[in-house]
Amino acid sequence: NVPEDQADKLLLASWGLPKAVLEKYHNLGVIQMFEWQAECLMLGQVLEGRNLVYSAPTSAGKTLVAELLILKRVLETRKKALLILPFVSVAKEKKCYLQ
């Protein structure tokens, strides 16, 4: 669980994302994460590029964790990222969304 003193970590605005990215998420109704998503981002050195393996049911929010990790890493390092998605429909949706 997310410690009470870090409850603000549930808010997307707490992760240092640019205003344009936050607005995009807010327009989609995503303002905060589930506790398990914030826990994933706070594990060890995940934000510094260490590996993360996590599992959750379909539509539980796994993609948001991956997107936040990718966005933070790309913005901080100015390097490219490769996002592999399981279905063409999801890939098309994410392409439009991430542009």
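How big is the shadow of the Cα convex hull of the chain, averaged over all directions, in nm²?
Details: hull surface 26.9 nm².
Mean shadow area of the hull around the Cα atoms is 6.7 nm².
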For the Lys92, Val46 Cβ pair and Förster radius 25 Å, calculated FRET efficiency rounded to 0.05 is 0.35
Accessible surface of the chain [probe 1.4 Å, protein heavy atoms]: carbon and sulfur percent
55
Cβ neighbours within 10 Å, averaged per peptide: list 41-52, 80-91 in order, most packed at the top.
41-52, 80-91
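Could you report the stretch 4-98's accessible area per residue, 1.4 Å probe, as an integer in Å²? Write down the numbers at each step before the final one.
On the way: 6830 Å² over 95 residues.
Accessible area per residue: 72 Å².
The values are calculated or read from the model by the stated rules, or taken from the named source; none is laboratory data. Since this is a predicted model, take the numbers as computed values, not measurements. Here the Cβ is made from the backbone with ideal geometry for all residues, glycine too, and neighbour counts use every protein chain on show. Keep in mind that these areas ignore ligands, DNA and RNA; they rest on the heavy atoms of the full protein, side chains included. Shrake-Rupley method; radii C 1.70, N 1.55, O 1.52, S 1.80 Å.
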